[in-house]
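The values are calculated or read from the model by the stated rules, or taken from the named source; none is laboratory data. Not measured: the values here are computed from a predicted model. Don't worry about glycine lacking a Cβ; one is built from the backbone with ideal geometry, like all the others, and counts go over all protein chains shown. Ligands, DNA and RNA are stripped out before the accessible areas are found, and what is left, the full protein with its side chains, is counted by its heavy atoms. Shrake-Rupley method; radii C 1.70, N 1.55, O 1.52, S 1.80 Å.
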Amino acid sequence: MKLKNIFLLGVTAVALTACEDLFEPAIENNHDITDMYIDPQFARGIMDNANLVLPYDESPTTDVATDDAVSNDNDNNYKKMALGTWTSQNNPMNQWETRYHAIQYLNLFLENADEVPWDPSSESLTAMHNDNYKGNAYALRGLQFFHLLRAHAGLVNGELLGVPIHLASEDGSSDFNQPRNSFKECIEQIMADFDEAMKYLPQEYGDVNAAGVPAKYKQMGGNEEEYNRAFGNIQRGKIDGRMIAAFKAQVALFAASPAYSSGGAMTWEQAAQYAANSLKNIGGISGMDPEGWRWFNNVSMIESFGYDDPDPAEICWRGVVGDSHSIEENNYPPSLYGNGRVNPTQNLVDAFPMANGYPISSALSGYDAKNPYANRDPRLKEYILVNGGTQGAFDDVINTAADNTESLDGINRENGKSTKTGYYLRKLLRSDVNLNPAADKRHFGVRIRYTEIFLDYAEAANEAQGPRANVGGANYSAYDVLKALRERVGICKGTRDPYLEECAQSKEKMRELIRNERRLELCFENHRFWDLCRWKANINETAKGVSITTNAATGLLEYKTIDVEKREYKDYMFYGPIPYSECLKWSNLQQNDGWQ
């Protein structure tokens, strides 16, 4: 059987539904690509296979492989990876097979989309639907290639290589023994797919009146009712021009970063410009959402959101919006009937500055080691459940102390659900969930926040021209972005921020501050591992925790920093491996340096 037909066997599960008598023999439901020419639902199913496997996780996963978190689940693959089991045969970061399968589906779709009778009753509506689906397919292909490249690009004999580029569907006669393309060629192809997508997609989905129907559809006889079916409010949540601008900013920052700059694919100036172009869609800094840093617990916004509403100001691309309690069940403390899986580290807690903006290591910060959570950056207690903090529908006080044997939540209890670091997760969780009995609450999933793009711009602009330069057509600088981000959480709001002013005196100091702000703002959103790798920063920092005990003489709490988990990464592991099995099969496919 040809390879393209083998791939298509799985499409029917998505594209078609049927009520079959399970006890009677049935005719094989094997579909050929030509079924696209008669069945639009089948055609959509082909593209949906690429949508369904997008590599976004709306709960923390890769963070436990970094210095930001550990897991109390000993079977967690990212935990094992951080402890030294990462190989080309055992790779939790592997994207190879899934991304290439998705690209195969997208290539099949793009090669045949023009033959699909999307709406036989209307030439103009058929053209509109075709444009929508083709635009999404090109954007998805670029996105799939990006995630494939991020996981598998690397040095081969000191040269930065990408992955093999597949722009046509493959079958049994295809030559699969292909060498890797250069890193630059891969970046250029990703950007080309995004540009091609924009030939078909609107800048933003939304209903229009007759005057808003594009001329090319009017010439076919299209009207506002048809346009609104294909590109109106009902389509919100699908990829549009705003999202593609954000994709480009992500790709450009990645390519300009220290680990990948030798590929010559992108400069810091270009990365700043792509980020600035994305931020123009919300008016730059003036469009920064004041509540964007705690969208996950913004109950009024979440409960009132309609699926055809415009996204909140913080959200560039939303994920799943729906009722569940799984993330709370996984991460609430055991006294609240949770499993306490993701435990923030003392390393991350120490990265949060004081409310006056100074890091706790500064003599000017006012940090009190005997009262370590007082007068801190408000994000600390919003994102991390510290000892004495509250959680759950009834605001239960959580005690993580080492010497409180009555508490289920104390560090390293034998229940298998308690914290290993002295901290529990708050970010991404709703604080009003009751797990006894378990009750669903609505959650707002996010794939891209504009805060990420602001931080992309700040990093690129600072590297390109320094802290105070306006770069890439923006009317603001890296300094301006950091000031706005810090002010919105309450750091030196309306007053001078002396530590920011100090950092703005040099690119190097501002780089350190930007990286730290990125760590705080994007914690538990699966960015930290990739950031450390692209920066070629220290990925071997031991994950630490805190042991809290009561001094018998004074009755005061004492805090002792403890080592929790070592990180066992080798120098070459800034770049992930090509799967071992693929290198065995194809002689032209070279492995990254250091990997077997």
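General remarks:
- Computed Kirkwood radius, in angstrom, where 1/r is averaged over Cα pairs of segment 211-256: 12.7
- Part-to-part distance (alpha-carbon centres) for segment 83-116 and segment 287-304, which is given in Å: 33
- Dimensions (Å) - segment 468-596, Cα atoms, principal axes, largest first: 62, 59, 24
- With only the Cα atoms considered, segment 296-387 has a convex hull volume of 144 Å³ per residue.
- Projected area averaged over orientations for segment 207-366, convex hull of C-alpha atoms, nm²: 15.9
- Between amide H atoms placed 1.01 Å from N, distances below 5 Å from G445 occur with G319, V320, V321, G322, all of them 5 or more places distant or on a separate chain.
- Spin-label pair N516/A438, simplified geometry with 7 Å Cα→Cβ offset, distance in nm: 4.1
- Two-site label geometry, A369 and N470: point separation in nm, points 7 Å out along Cα→Cβ: 4.6
- Annotation: segment 547-596 has a Kirkwood hydrodynamic radius of 15.3 angstrom, from the mean reciprocal C-alpha pair distance.
- Derived from the Cα gyration tensor, the three semi-axes of the equivalent ellipsoid of segment 17-167 are 37, 22, 15 Å, largest first.
- Here segment 124-246 has an Rg and Dmax of 18.2, 59 Å, counting Cα atoms alone.
- When the Cα convex hull of segment 272-348 is projected onto planes of every orientation, the mean area is 7.8 nm².
- Start at zero, step by 10 Å, and the Cα-Cα distances of segment 336-392 spread as 22, 52, 21, 6, 0 percent across the bins.
- Given +1 at the Cβ of Lys and Arg, -1 at the Cβ of Asp and Glu and no other charges, the dipole of segment 96-204 around its Cα centre is 480 debye to the nearest 20.
- Computed from the Cβ-Cβ distance with R0 of 56 Å, the FRET efficiency linking E501 to E123 stands at 0.35.
- Over the residues of the chain, the helix contribution to mean residue ellipticity at 222 nm works out to -10500 deg cm²/dmol, using -39500 (n - 2.57) for each DSSP H run of at least 4.
- Estimated D of segment 380-444 in µm² per second, where Rh is the Kirkwood radius over Cα pairs and Stokes-Einstein applies at 10 °C, 1.306 mPa s: 127
- Each part gets one Cα centre, and for segment 196-243 versus segment 447-507 those centres are 35 Å apart.
- FRET efficiency for E115 and W530, using Cβ-Cβ distance with R0 set to 41 Å, rounded to 0.05: 0.55
- Multiplying the residue separation of Q596 and N90 by 0.36 nm and subtracting their alpha-carbon distance yields 181.0 nm.
- Here the simple spin-label model places points 7 Å from the Cα toward Cβ, and for K218 and D39 these points are separated by 3.9 nm.
- Efficiency of FRET between Y56 and D403 - r from beta-carbon atoms, R0 30 angstrom, step 0.05: 0.15
- Accessible area in square angstrom per residue, the chain, 1.4 angstrom probe: 41
- Note on segment 192-270: Cα-Cα pairs beyond 15 Å make up 64% of the total pair count.
- Extension gain from E508 to K566, taking 0.36 nm per residue of separation minus the Cα-Cα distance: 18.1 nm
- The computed volume of the Cα convex hull per residue in Å³ for the structure shown corresponds, within [x] 145; [y] 181; [z] 194, to [y].
- Using every pair of separate Cα atoms, the Kirkwood estimate puts the hydrodynamic radius of segment 499-539 at 10.9 angstrom.
- q = 0.11, 0.12, 0.22 Å⁻¹: log10 I(q)/I(0) that the Debye formula gives for segment 434-501, counting C-alpha atoms only: -0.41, -0.46, -0.95
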